[in-house]
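**Q** For reference, the structure I am asking about is given below.
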Amino acid sequence: MGFADQRFNVNLSILFTELPLLERPAAAAAAGFTAVELWWPWVDSPTPEQSELDALKKAIEDAGVQLTGLNFYAGQLPGPDRGALSIPGEESERFRANIDVAADFARSLGCTALNALYGNRVDGVDPAEQDALALENLALAARAADRIGAILLIEALNQPESPKCPIVSAPKAVEIVDKVNAATGLGNAKFLMDLYHLSMNGEDVPSVIEQYAAKTGHVQIADNPGRGAPGTGSLPLEELLGRLKKAGYDGWVGLEYKAGDRPSAEAFDWLPREARAAR
């Protein structure tokens with residue numbers, strides 16, 4: 001098993017960012033890909049104008065690519081924020097305002113995976129209060145995802161780059177997945193397994209795959225160190241994806257890495273063009 005056995009999509013919030021947002025779907029298609037994913041594109045607005053949503057929808061449709069994953073509103077990302085749903089006050093309200101907007105946009109494009117980033121700890125706020133709020137918001141998000149036939153993804157980030165985020169290990173993320181499923185009874189919360197983040201945390205990635213492949217709804221990759229393309233670091237991504245395949249994971253693998261000092265279109269030389277289109 002190798003890269004040719006996977007279904008890849010391109011994350012348009014970290015790749016092709018040298019282009020305006022509306023030009024990125026076509027650029028991914030020109031590079032040979034047929035599927036894309038996105039962080040919430042409007043970092044300052046959980047509820048953008050319908051015309052902005054329509055323009056992005058048209059760009060994705062005109063490019064002939066499938067939107068396979070979308071983040072709910074997560075604050076300034078990239079930037080200092082790591083999510084909004086556990087932040088009391090205005091940020092939680094912004095997350096809630098975004099839930100149906102994001103779900104309806106996803107539904108309009110046949111996207112069936114929505115990622116809800118947890119958020120940082122807030123100085124002076126009881127962590128238990130944040131966790132209770134987070135569970136409320138995640139349950140709301142899970143119900144919205146269920147309404148459109150989608151799964152809710154919960155991602156483990158990495159402690160070195162996200163020191164204030166409490167979800168920085170696979171077991172912790174899966175614990176939250178289980179709590180959300182218990183709260184809603186829907187069973188549509190799944191683990192987002194980002195191999196770069198797991199590696200940065202120093203986790204035993206083969207063990208994580210063995211333990212949690214069955215609860216995994218999406219996978220993302222970047223090499224480590226550097227968060228670059230496969231082959232730029234020392235993470236055995238081809239082997240790890242092979243392990244995931246053998247463990248029963250047959251979903252999407254999101255390319256969520258940095259192109260470096262070259263154009264994004266040149267950052268896919270590790271993957272033969274014939275292996276880029278989803279099968």
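**Q** Round to a whole number: what % of the accessible area of the chain belongs to carbon and sulfur, probe 1.4 Å?
**A** C and S atoms contribute 50 percent here.
**Q** Give, in whole angstrom and from largest to smallest, the semi-axes √(5λ) of the equivalent ellipsoid of the chain, with λ running over the eigenvalues of the Cα gyration tensor.
**A** Value: 27, 23, 18 Å, ordered largest first.
**Q** Shape of the stretch 1-131 from its Cα gyration tensor (a ≥ b ≥ c, root eigenvalues): rounded if a/c is under 1.5, otherwise prolate when a/b > b/c, or oblate?
**A** prolate
**Q** Just check the stretch 54-138 against the gyration tensor rule for me: Cα atoms, a ≥ b ≥ c as the square roots of the eigenvalues, rounded for a/c under 1.5, and otherwise prolate or oblate depending on whether a/b exceeds b/c.
**A** The shape class here is prolate.
**Q** Also, quick follow-up: Please state the shape class of the stretch 202-270: rounded when a/c is under 1.5, otherwise prolate if a/b exceeds b/c and oblate if not, all from the C-alpha gyration tensor.
**A** Note, shape of the stretch 202-270 comes out prolate.
**Q** Under a 5 Å amide H to amide H cut-off, with H placed in plane at 1.01 Å, what residues pair with VAL253 once short-range neighbours are removed?
**A** Excluding prolines and chain starts, which carry no amide H, the hits are ARG7, PHE8, ASN9.
**Q** Could you check which residue among ARG82, ARG262, ARG24 shows the biggest mean-square fluctuation in a GNM of the chain with a 10 Å Cα cutoff?
**A** ARG262
**Q** To continue, here is another question. Which whole-Hz ³J(HN,Hα) couplings does the stretch 203-219 yield from phi under the Karplus relation 6.51 cos²θ - 1.76 cosθ + 1.60, θ = phi - 60°, glycine and proline marked x?
**A** With coefficients 6.51, -1.76 and 1.60, one gets 6, 7, 5, x, 5, 4, 4, 4, 6, 10, 4, 5, 9, 8, x, 7, 10 Hz.
**Q** May I pose another question? Where both partners of a DSSP beta bridge lie in the chain, what percent of those bridges are antiparallel, to the nearest 5?
**A** 5 percent
**Q** Calculate the tail of P(r) for the stretch 1-68: the fraction of all Cα-Cα distances greater than 16 Å, expressed in %.
**A** Roughly 47 percent, once rounded to a whole number.
**Q** Once the other residues with Cβ under 14 Å from the Cβ of ASP178 are scored (Lys, Arg +1; Asp, Glu -1), what is the net sum?
**A** That works out to +2.
**Q** Could you give each residue of the stretch 235-240 its phi-based ³J(HN,Hα) in whole Hz, using Karplus coefficients 6.51, -1.76, 1.60 with θ = phi - 60°, and x for Gly or Pro?
**A** For the stretch 235-240, the Karplus-derived couplings read 6, x, 5, 4, 5, 5 Hz, x marking Gly and Pro.
**Q** With every protein chain left in place, what is the accessible area per residue of the stretch 174-279 in square angstrom, probe 1.4 Å?
**A** Ligands and nucleic acids excluded, the result is 43 Å² per residue.
**Q** Then there's this: Per residue, how big is the convex hull around the C-alpha atoms of the stretch 131-270? Give it to me in cubic angstrom, could you?
**A** That works out to 122 Å³ per residue.
**Q** Continuing with this model, one more query. In terms of modelled amide H atoms, which long-range or inter-chain residues lie less than 5 Å from the amide H of LEU153?
**A** Amide H neighbours of LEU153, under 5 Å, 5+ apart: LEU114, ASN115, ALA116, LYS190.
**Q** Given charges of +1 on the Cβ of Lys and Arg and -1 on the Cβ of Asp and Glu, with all other atoms neutral, how large is the dipole of the chain about its Cα centre, in debye to the nearest 20?
**A** Charge dipole of the chain: 660 debye, to the nearest 20.
**Q** With θ set to phi - 60°, apply the Karplus curve 6.51 cos²θ - 1.76 cosθ + 1.60 along the stretch 58-73 and write out the HN-Hα couplings as whole Hz, x wherever there is a Gly or Pro.
**A** Going residue by residue, I get 5, 4, 5, 5, 5, 6, x, 10, 9, 7, 10, x, 8, 7, 5, 3 Hz, with x marking Gly and Pro.
**Q** Quick check: Cα centre of the stretch 10-51 to Cα centre of the stretch 175-208, how many Å?
**A** Each part's Cα centre sits 25 Å from the other's.
The values are calculated or read from the model by the stated rules, or taken from the named source; none is laboratory data. Computed from a prediction, not measured in an experiment: that's the story for all the values here. Note that each Cβ is placed from the backbone with ideal geometry, even for glycine, and that neighbours are counted across all protein chains shown. In case anyone asks, the SASA skips ligands and DNA or RNA and just uses the protein heavy atoms, side chains included. Shrake-Rupley method; radii C 1.70, N 1.55, O 1.52, S 1.80 Å.
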